[in-house]
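K.L.:
Could you have a look at this structure, given as structure tokens, before my questions?
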Amino acid sequence: MAFMKKYLLLLLCLQGACALFANTITVTSLEALQRAIDAAKPGMEILVADGVYTAEADIVIRCAGTRARPIVIAAQHPTAVTITGKGGFNLASPAAYVVIRGFKFTHAASRARSGAGTAFCRWTHNIFETPGKGEYLTIAGDDHEIDYNTFQNKTEMGRILAIRGSGKQIAQRLHIHHNYFYNYPDQGGANGAETLQFGLSGFSLSTSNSMVEYNLFEKCHGENELISVKASGVTLRYNTIRDCPAQFTLRHGNRCVVYGNYFFNTPGLRIFGDDHHIFSNYFENCSIAVTIGNGGAEVADGAPLTEHDRPDRVLIAFNTLINNRQNFVQQSRKGGIGATYITVADNVVVGGEKVASISGPLANAVWENNVIHKVGSAGDLPGGGFRSEDPRLVKDAAGIYRPSGKSPLMGAGDADYKAVTADMDGQPRDGRWDIGADQQSTAKATAHALKADEVGALVK
């Protein structure tokens, strides 16, 4: 009897192993890959053998897995499979719960996409370097994840990552994280060369509820906008932008949240639209840290969505600005209508020509509890909105300026700004709040200025 029990147990284990093996197949041609995709069922893993494959047409994916049993289409060994030629992976409705993993894409631009009607798919650990005019990757469906990809060496017009939608609704509930965007030279000043374009004007009043976090942007220019957000309700946090001669721009849309980001040697952040929360960001050696947009029109009053919508009710608080040439700026605009109800509070500014240079209407602005030091002048910063005091910042081991133990910033912040939930390290704002991006805390730090070996396709 004991022998029979052991035999039955062994038989069950072998059957399980055979079932697992049957759900994983390896293909050695794109024709076989397409057939496997067309026949794929939930839980199947399709591995593409190492090599270079030339696609004469798109590899169309319409299969659907489930949350518990996704369909995985992967390189047999990470980045050892190159897809080149005229076509790429085209995820089309009703594709769902499909994972694209470990490929290097050198096919023509604008051939990698998750179309409208797709959902819950994932692009992960891929390298994108697709030649020609057009986009590296376009996402139009909902609930997708784009993570640990390397987007590099774009040399022609088009967006690297373009987020779209369907009708007037932007793609919803996306999670874009731990990607590496590297080396996009200037395309001569023409529009349409953003590194990340999140939406278009027609989507701008629709809410995305998406998260863009822990991405690294290095040496990306393309055009004057590095990141262009043309949607509402997008959170962008804990990203690092280094040596990029283009701005992070809230171009259209409302109610975006931008916090815990690190800006080094860039033109900083530019703001249009309403009810944004900008806090706990770190700006160092930037040409401009924060540009408060000078509105061209008011969308809430019926102006076209393509206009530079007047910024209204924007909170800019608890940021750290170090040795930027300009700090808070509003640039002139012919016929500009400025901005209204902007709050600039509890920021620390060290260095620069002026704290504020305002060249447009700024009605009902609030400037309060800012600390400035070693600045050429306060500029247009009202006298009651700041105090001049050495914040006693010191560099940490990573080269980031933080308050020392005797800093007057500690415990001097205004805790009434409930929208400010975390500092630049991802630590909560609780107890006595500190002025600037850094909150002294014993909580675990969950963010920092990123380096190239922490993001992208080669991270295990």
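The values are calculated or read from the model by the stated rules, or taken from the named source; none is laboratory data. Note that the structure is a prediction, hence the values are computed from the model and not measured. Cβ: placed from backbone, ideal geometry, glycine included. Neighbour counts: every protein chain shown.
K.L.:
Pairs under 9 Å by beta carbon, first residue under 16 Å from GLY295 (Cα atoms) in the range 335-350, partner aromatic (Phe, Trp, Tyr) and surrounded by fewer than 24 Cβ atoms within 10 Å (Cβ to Cβ), six or more apart or different chains?
P.N.:
ILE342/TRP367
K.L.:
Kindly check whether there is at least one residue in the range 398-415 that is over 23 Å from LYS374 (Cβ atoms), in contact (Cβ under 8 Å) with a residue 12 or more places away in the chain and among the small types (Gly, Ala, Ser). Please lay out each step first, then the result.
P.N.:
Within the range 398-415, the first condition is being over 23 Å from LYS374 (Cβ atoms), and the residues that meet it are 414-415.
Among the residues that remain, those that are also in contact (Cβ under 8 Å) with a residue 12 or more places away in the chain are: 414-415.
With among the small types (Gly, Ala, Ser) added as a condition, the list becomes 415.
Yes, because at least one residue in the range 398-415 is over 23 Å from LYS374 (Cβ atoms), in contact (Cβ under 8 Å) with a residue 12 or more places away in the chain and among the small types (Gly, Ala, Ser).
K.L.:
Can you tell me how many residues in the range 309-334 are in contact (Cβ under 8 Å) with a residue 40 or more places away in the chain and assigned to a loop (DSSP other than H, G, I, E, B)?
P.N.:
The total comes to 6.
K.L.:
Could you figure out which of (1) among the basic types (Lys, Arg); (2) farther than 26 Å from GLY202 by Cα; (3) crowded, with 24+ Cβ neighbours inside 10 Å isn't true of ARG325?
P.N.:
That leaves (3) as the condition not met.
K.L.:
Which one of these does GLU223 not meet: (1) touching a strand residue (DSSP E or B) at 6+ places or on another chain (Cβ under 9 Å); (2) farther than 22 Å from ASN364 by Cα; (3) assigned to a loop (DSSP other than H, G, I, E, B)?
P.N.:
(1)
K.L.:
Find the strands (runs of 3 or more DSSP E) located wholly in the range 335-374 whose residues include 2 or more that are within 23 Å of ARG310 (Cβ to Cβ) and at pLDDT below 95, and list them. So that I can check it myself, show each step before the final result.
P.N.:
Numbers: elements: 343-345, 348-350, 354-358, 366-368, 370-373.
Counting at least 2 such residues, we get no strands (runs of 3 or more DSSP E) at all.
K.L.:
Another question about this same structure. If THR207 satisfies all but one of (1) closer than 19 Å to LEU450 by Cβ; (2) surrounded by fewer than 22 Cβ atoms within 10 Å (Cβ to Cβ), what's the number of the condition it fails?
P.N.:
(1)
K.L.:
Kindly check whether there is at least one residue in the range 382-390 that is modelled with pLDDT of 95 or more, touching a strand residue (DSSP E or B) at 6+ places or on another chain (Cβ under 6 Å) and within 20 Å of PHE263 (Cα to Cα).
P.N.:
No, because not a single residue in the range 382-390 is modelled with pLDDT of 95 or more, touching a strand residue (DSSP E or B) at 6+ places or on another chain (Cβ under 6 Å) and within 20 Å of PHE263 (Cα to Cα).
K.L.:
Could you check the range 263-274 and list, in sequence order, the residues that are surrounded by 24 or more Cβ atoms within 10 Å (Cβ to Cβ) and of a type in the set (S, T, N, Q)?
P.N.:
THR266
K.L.:
Could you tell me how many of the residues in the range 275-312 are polar (S, T, N, Q), over 20 Å from the mean Cα position of the chain (by Cα) and crowded, with 24+ Cβ neighbours inside 10 Å?
P.N.:
As a first pass, look at the range 275-312 and keep what is polar (S, T, N, Q): 280-281, 285, 287, 291, 294, 306.
Checking which are over 20 Å from the mean Cα position of the chain (by Cα) leaves us with 285, 287, 294, 306.
Add one more test, that the residue is crowded, with 24+ Cβ neighbours inside 10 Å, and what stays is 294.
Looking only at that region, the number is 1.
K.L.:
Which pairs do you get when a residue that is basic (Lys, Arg), found in the range 419-441, comes within reach of a residue that is part of a loop (DSSP other than H, G, I, E, B), reach meaning Cβ atoms under 7 angstrom, with the pair 6+ apart or on two chains?
P.N.:
From the range 419-441, the pairs are ARG429/VAL420; ARG429/THR421; ARG429/ASP423; ARG429/GLN439; ARG432/GLY411.
K.L.:
While we're looking at this one, here's another question. Can you confirm whether the range 134-144 contains a residue that is in contact (Cβ under 8 Å) with a residue 40 or more places away in the chain, buried (at least 21 other Cβ atoms within 10 Å of the Cβ), at positive phi and in a loop (DSSP other than H, G, I, E, B)? Don't jump to the end; show me each part of the working.
P.N.:
As a first pass, look at the range 134-144 and keep what is in contact (Cβ under 8 Å) with a residue 40 or more places away in the chain: 141.
Now restrict to residues that are buried (at least 21 other Cβ atoms within 10 Å of the Cβ): 141.
Now drop any that are not at positive phi, which leaves none.
No.
K.L.:
I would also like to ask the following. Out of the residues in the range 420-460 that are over 22 Å from the mean Cα position of the chain (by Cα) and among the small types (Gly, Ala, Ser), state the one that is surrounded by the fewest Cβ atoms within 10 Å (Cβ to Cβ). Talk me through it step by step, then tell me what you get.
P.N.:
Filtering the range 420-460 for residues over 22 Å from the mean Cα position of the chain (by Cα) gives 429-436, 439-444.
Then keep just the ones that are among the small types (Gly, Ala, Ser); that gives 431, 436, 441, 443.
Details: GLY431: 11, GLY436: 33, SER441: 17, ALA443: 13.
Per the criteria, the residue is GLY431.
K.L.:
Restricting attention to the range 55-65, report how many residues are buried (at least 17 other Cβ atoms within 10 Å of the Cβ) and either modelled with pLDDT under 95 or not in a strand (DSSP E or B) (or both). Before you say what the answer is, go through the steps one by one.
P.N.:
From the range 55-65, those buried (at least 17 other Cβ atoms within 10 Å of the Cβ) are 55, 58-59, 61-65; that's our starting set.
If we keep only those that are either modelled with pLDDT under 95 or not in a strand (DSSP E or B) (or both) too, we end up with 58, 62-63, 65.
Final tally of qualifying residues: 4.
K.L.:
Look through the range 66-99, keep the residues that are more than 20 Å from GLY141 (Cα to Cα) and of a type in the set (S, T, N, Q), and return whichever of them is surrounded by the most Cβ atoms within 10 Å (Cβ to Cβ).
P.N.:
Top of the filtered list is THR82.
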